[in-house]
Structure formats: structure tokens, C-alpha cells
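Novice: Got a structure here, written out as C-alpha cells. Questions coming.
Since every read-out is calculated from the coordinates, none of them should be taken as a lab result. It should be emphasised that the depicted structure is a prediction, and the values quoted were computed from it without experimental measurement. Every residue, glycine as well, gets a Cβ built from its backbone with ideal geometry; the counts of neighbours run over all protein chains shown.
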């Protein structure tokens, strides 16, 4: 409770400042975090060298490491701004590209499964879709601190995102799709093999959630990948990628595996194009290749 009270006091002060000063404060924190957090600096290097088979220079690894911390702290700032700022200010920072598949699905009353990754300003990307295009249901992993947990839920839910607790989330996601609604899921994290399937990412095996493919196949939803991009961290573009088709043959397991692999391929293509924007601090290959994190 004391820590949360200190945080809310600091938040009140920061939100009175012009945004460049708020941003500067969080970038200072990012620099401090990078300096003291040897563990995650090492994970970024392990991930990148493994993903690129060692064919990557130290300058690129260093640049990516710096941006990982920068981007993470800017996402924290975004949570704060989502909680506080007027929705018109948030909306003014974002434009949309290639939204025809989304508009077509909405016109047809067809349910939508948005898939994305921890890439760029993912907090702004997710909330901008819910705020400006269609309300969404997403999965929420409960934080250990109940005060911060409620804060995060408030930050997201006030912008038309309904958050379902991870345990038992499938029934809430299924209900939304059954009613012709939209859900949004992050698919780039390592998960328990019992909760997903094995696909290839950067040519290596990873475990990935099969929920988007499973739910889309069951409820005839369209799967639309979406990522947020920026050149100056002031204006952002939410870009929708072509829909990922989920096959419907007599072999449901094969259909789900094929669609999940296709989703992994989209994420890989986006990350390869702009690697510094992805969250390399996570042990993405831990399940199949735990030895790479022991070096």
C-alpha cells in the first residue's frame, strides 16, 4: 500500500508536467535499469545470437538492448497516460493502415481475433483499436500487488478493453466471439507446452499459444495480425496485416497447427524488418533450448 501511494503521488506530479518532461523522466529510468540489470542484458544477447545463428554484430545487439529498456519504460508511461489522459488526446496520436479486412468483418458481423506481439508501443496499439474501431476482450495476468493490478485494469478497461483473468479466460473469449465481437491476443511469449503447440520461429522450435487458431476455427472468426509502428515516438501507425486463414479440413489438429505456424511467420517477418522494436528481454526459446540461457 505504501509503495502504491508513493507511485500515485509521483504519477500525479508527472502528469502535471509537459509530455517531453514526463518522457525524459522515464527514459532516465530506462537508462538506470539497463545499467543495473545485467540479467536481461544477457538475455537479449543470448536471444539475438541464437535467433540469427551468431550472424549479428555487437553494435546491433547493443542498439537493440538499449531500445528494449527504452521501449519497456515508454510502455509503462503509456499505461499511466491511458489511465489519465482524455481519449481524444490518445486518439490523435494514432492513424490506421490497411484496415479494410477489419471493416469488412465488422460489416459482415463476423467475429475478429486480433493477434499481435510485444512490439513497439503495444499498450497504445491495443487500446487504440478498442477505443477507435471496436471494443475488444483480452487476457489479463493478475499482478502480485492488488493495487497495481487494479490500476492496470482501470488503465485498459476505460478505453473499451474488457480484461479476462488468464485463468478461465477462454470462456470469456469464446463468449465474445460467439456474440460476433472481437478479441485481442499476444502470441509471442514462451508458454507451457501443455497450453499450446510447437512451431518454428526464426527457424527454431518454440511453444506458442494455439488459442487464436482454435477459437477462430470454432467460431468462424477472421484472424487479423496487427502491429504498431513509429518513426519519432510522437505519431504512431497501427498497421493491419493480411488475415491469416485457418483451414477447415477433417483434421482439426493439423488445421490449428498450420494456422498457428502462419501466425508465427507473420510475427517473425515483422520482427526481422524492425528488430529493435521487439521485446527481446523475454526467454522466447526457453522450452526447447534452455541451454542457451545457461551460458
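Novice: Along the principal axes of its C-alpha atoms, what lengths does the chain span, in descending order and rounded to whole Å?
Specialist: That works out to 57, 45, 36 Å along the principal axes.
Novice: Still on this structure: Expressed in nm to one decimal, what extension gain is obtained for the pair residue 253 and residue 110 from 0.36 nm per residue of sequence separation less their Cα-Cα distance?
Specialist: Working: separation 143, 0.36 × 143 = 51.48 nm, distance 2.31 nm.
Additional length available on full extension: 49.2 nm.
Novice: Looking at the chain only, what percent of DSSP beta bridges run antiparallel? Nearest 5 please. Don't jump to the answer; show the numbers that get you there.
Specialist: Numbers: 13 of 34 bridges.
About 40 percent, rounded to the nearest 5.
Novice: For an R0 of 35 angstrom, estimate the FRET efficiency from the Cβ-Cβ distance between residue 52 and residue 27 and round to the nearest 0.05. Before the final figure, lay out the partial values.
Specialist: Numbers: r = 27 Å, r/R0 = 0.78.
About 0.80, to the nearest 0.05.
Novice: Additional query: Output the relative contact order of the stretch 174-254, whole-number percent, from Cα pairs under 8 angstrom with separation of 6+ residues. Don't skip to the end; give the middle numbers.
Specialist: Values: 88 pairs, mean separation 16.4, N = 81.
Rounded, it is 20 percent for the stretch 174-254.
Novice: Let me ask you something else. Mind giving me the FRET efficiency for residue 235 and residue 141? R0 is 35 Å, r the Cβ-Cβ distance, nearest 0.05 is fine.
Specialist: Plugging the Cβ-Cβ distance into 1/(1 + (r/R0)^6) gives 0.70.
Novice: Follow-up question, since we're still on this one. Of 187, 32, 56, how do they rank once you tally other Cβ atoms within 10 Å and put the fewest first? It would help to have the intermediate numbers written out before the result.
Specialist: Values: 187 23, 32 12, 56 16.
Ranked by crowding around the Cβ, least crowded first: 32, 56, 187.
Novice: Sticking with this structure for a sec: Round to a whole angstrom and tell me the spacing of the C-alpha centers of the stretch 140-182 and the stretch 100-129.
Specialist: 16 Å
Novice: Based on DSSP H runs of at least 4 residues, each adding -39500 (n - 2.57), what is the mean residue ellipticity at 222 nm of the chain after dividing by all its residues, to the nearest 500 deg cm²/dmol? Don't skip to the end; give the middle numbers.
Specialist: Details: 11 runs with 152 residues, N = 295.
Rounded to the nearest 500, it is -16500 deg cm²/dmol.
Novice: Does the stretch 191-295 come out rounded, prolate or oblate, given a ≥ b ≥ c as the square roots of the eigenvalues of its C-alpha gyration tensor, rounded meaning a/c under 1.5 and, failing that, prolate meaning a/b above b/c?
Specialist: Details: a/c = 2.50, a/b = 1.13, b/c = 2.21.
It is oblate, given that a/c is not under 1.5 and a/b is not larger than b/c.
Novice: To the nearest Å, what is the center-to-center distance of the stretch 206-281 and the stretch 18-58, using C-alpha atoms only?
Specialist: 25 Å
Novice: Oh, and also: Taking 8 Å as the Cα distance limit and 6 or more residues as the minimum spacing, I'd like the relative contact order of the stretch 1-105 as a percentage. Can you show the working numbers first?
Specialist: Values: 37 pairs, mean separation 32.5, N = 105.
Result for the stretch 1-105 is 31 percent.
Novice: What ranking, highest mean first, results for peptides 11-23, 206-218, 91-103 when packing means the other Cβ atoms within 10 Å averaged over each residue? If you can, show how the numbers build up before the last one.
Specialist: Details: 11-23: 12.7, 206-218: 22.7, 91-103: 15.1.
My ranking of the peptides, most packed first, is 206-218, 91-103, 11-23.
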